[in-house]
1. Let's test the formula: R0 of 56 Å, r as the Cβ-Cβ distance of Thr661 and Lys431. What FRET efficiency results, to the nearest 0.05?
2. Across 5 Å bins from 0, what is the distribution of all Cα-Cα pair distances for the range 527-571, in whole percents?
3. Rounded to the nearest 0.05, what FRET efficiency is calculated for Arg566 and Lys291 with R0 set to 60 Å and r the Cβ-Cβ distance?
4. Antiparallel versus total DSSP beta bridges in the chain: what percent is that, nearest 5?
5. In nanometres, what is the gap between the two model label sites at Glu490 and Thr30, each 7 Å from Cα along Cα-to-Cβ?
6. Pull up all non-local amide H partners of Ile71: gap of 5 or more, or a different chain, and H-to-H distance under 5 Å with H placed in the peptide plane.
7. Using alpha carbons only, how many angstrom separate the centre of the range 449-477 from the centre of the range 714-768?
8. Roughly how big is the range 154-198's charge dipole about its Cα centre, with Cβ charges of +1 (Lys, Arg) and -1 (Asp, Glu), in debye to the nearest 20?
Amino acid sequence: MTTATLLTACGPGVPQLGKSSLDDVIAAMTLEEKAHLLIGTGMEGFNSGDSAVVGETKNIVPGAAGTTYPIERLGIPAIVLADGPAGLRISPTRDGDTATYYCTHFPIGTLLASTWDEALVESVGQSIGNEVLEYGADVLLAPALNIQRNPLCGRNFEYYSEDPLVSGKIAAAYVRGVQSNGVGTSIKHFAVNNQETNRMANDAQVSPRALREIYLKGFEIAVKESQPWTVMSSYNYLNGIYTSENPELQTTVLRDEWGFEGMVMTDWFGGKDAVAQMEAGNDMLQPGYDKQYQDIVAAVKEGRLDEAVLDRNVKRVLQLILKTPRFKGYAYSNRPDLKAHAAVTRQSATEGMVLLKNEGDALPLKADVKKVALFGCTSYDFIAGGTGSGNVNRAYTVSLLDGLKNAGYETDEQLKAEYEAHIQAEKERQKAASGDFAQYMPVVLPKEKVFSPARIKQLAESMDVALITIGRGSGEFLDRESSNFYLSREKQQMIQDVCRAFHTVGKKVIVVLNIGGAIETASWKSQPDAILCAWQGGQEGGNSVVDVLSGKASPSGKLTMTFPLRYEDHASTANFPIDQKVEFDISAALKDKEKAYNIKDVDYTRYEEDIFVGYRYFDSFNKLVSYPFGYGLSYTTFAYTNPTITFADGTYTVTMDVTNTGRRAGKEVVQLYAAAPNRVQMDKPEKELKAFAKTRELQPGETVTVTLKVQAADLASYDEATASWVVDAGTYQFLVGASSRDIKATLEAEVTASSTKTNDVLKLQQPIKIMKR
């Protein structure tokens, strides 16, 4: 284009975004500009020199995941997309700049969900969204709400629950909080991204019923209750079709049925066929590379792709851009209130910690406990969260050692020196893998230090209490090894030896679990006096744990997944890539290679457990568990009384009085399950969670009335034969509980039949063997 032509193109009369109609702006765009706008601006270090555009847009916010393509002559700026979900992920330092750009590492998704507190999660989202705004980003690539189908999934730490209602409600709260700042979110990974092994080529084979009831339901709730600005499609195939290339998923279900109003983008390098992605309604391809651009332009010119499809997708991208701070000219400060946000993460983490055991009132620690013997490598090298895109570049991480000292407790300096020397030696021995993505890989934890019985006895005699921390790394790209579910021989021995020595002299032992998902507890849980599942609480994690241990905060979290007796007890283990190693190559997406499609659970995974995921399986098949779904203790006790149920305007309303019957203040999570009739005929679960609520803090003797509502339509099961949501007529039980296995009251109501038709889509290409009761 000549200079004269360019001046004419940019001169008076040329439509401008925000000043002209979107249709006029789109009509003024060239085919090439449309194609550029629909893919990202490339990713440094991958496909170098072959990206859609090379230039300064990559560095608007250093370390951000991606940007969109700017078209200055039409007033279209580049906007910035940045990773989450435990906080904004950008580079903490910049070349030629002495300032720092640290972000707050908030608690992981599993911990936030374990609060069962939508208002709290929304407040955390508000703080995260403020950092997105003040650091100049426009869309946070979060939250992640895939189902925790199997305990070994590498990204479970980012996900919320084995239950879709919890996942959807918590995600919606997070989205509302972040977007209250005028920045966007991207709920992910849509859909059925439940394993990391071969995640870019695995075919998840799932029945339409399980899809509708389990794997899509959380996304449906999040879309309808929070309207996220964007949705991120997942890497995997779903029933033989890449999710990003599937119009039934991205258009028929997401938009036509659920009413999604925003834009869909791929996960980074997701899918293979750019033209199919455009047609499916996957509006933007990230991070963008030249072949995608060339394929889209060629397809239009050759008549294989209707340019009207591009116009539709471009319009959605422009609608997104119009809402962003960057388009509105917001003057971001690069100075969010990190001190205030540290206080938010510290407090919020305490609310999601789950007290699993507390015999003899071992917790909170008594006033005369001053000296703490601190065991376990993770006590000194606390894990704030997982690695990968969910990591956060933070200024610090408070270890459990730090937290104890901050609260005035004494620790053994010699023990500290022994652990620090051991940890350093282990880190030297276990050098992190090299390569561009080494920083994202799951943390390799040091082998546990072994002490002689004499050394432990010495500590038992001189210290007041023992704390043992058990850590587990979490991270993207790899699923956990099956051995990671169990404690190592060294850790088992440590628990046994410490408990024996301290109990001999009449002193307590507390175990703290610094983990990202369920682990085995049944074989050792009888030994310590108390077990606190602290999850991974972000950068203030050590302070948060000590707030709970000391009684400054009362634990009120409850499990959002089942802790089985053994890993093999999970129904999904029959169809999960247990210890299967697949070389990870993110650049494989850039290559035209055919899918191998022959290795079970790697190239394809059959979801044969169907709807029986998590507690739906354990409770329906009467399986013993270590800790059930919804379980969690408190420093106080609660009584449930006066249950009632009424029906009006299509809604069942259940009320229950909850009274604090203990001696300390506390909060209680009240759960409402429904048990449908005709469970054998349609093979329904024993019970399903339909509503939940967390009380405010109740003082001893105080009573509050909890109200839980269930729409009649939410009692439906999905009937594949008619492609309908069907509510069977009959007597339903409404079960009010403190967990799925601690039912406090059972109410009954007569329910009339109803049926709601859906589109008959997302079918299996070949039948799979479905689990039956």
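1. The value I calculate is 0.55.
2. Computed distribution, short to long bins: 5, 16, 21, 22, 16, 11, 7, 2.
3. Numbers: r = 47 Å, r/R0 = 0.78.
Once the sixth-power term is evaluated, E becomes 0.80.
4. Details: 60 of 99 bridges.
Expressed as a percentage, antiparallel bridges in the chain total about 60.
5. In this crude spin-label approximation the distance works out to 6.2 nm.
6. Ile76
7. 47 Å
8. With Lys and Arg at +1 and Asp and Glu at -1, about 200 debye.
The values are calculated or read from the model by the stated rules, or taken from the named source; none is laboratory data. Note that the structure is a prediction, hence the values are computed from the model and not measured. When we count neighbours, we look across all protein chains shown, and the Cβ atoms used for this are built from the backbone with ideal geometry, even at glycine. Heads up: the accessible areas ignore ligands, DNA and RNA and are worked out on the full protein's heavy atoms, side chains in. Shrake-Rupley method; radii C 1.70, N 1.55, O 1.52, S 1.80 Å.
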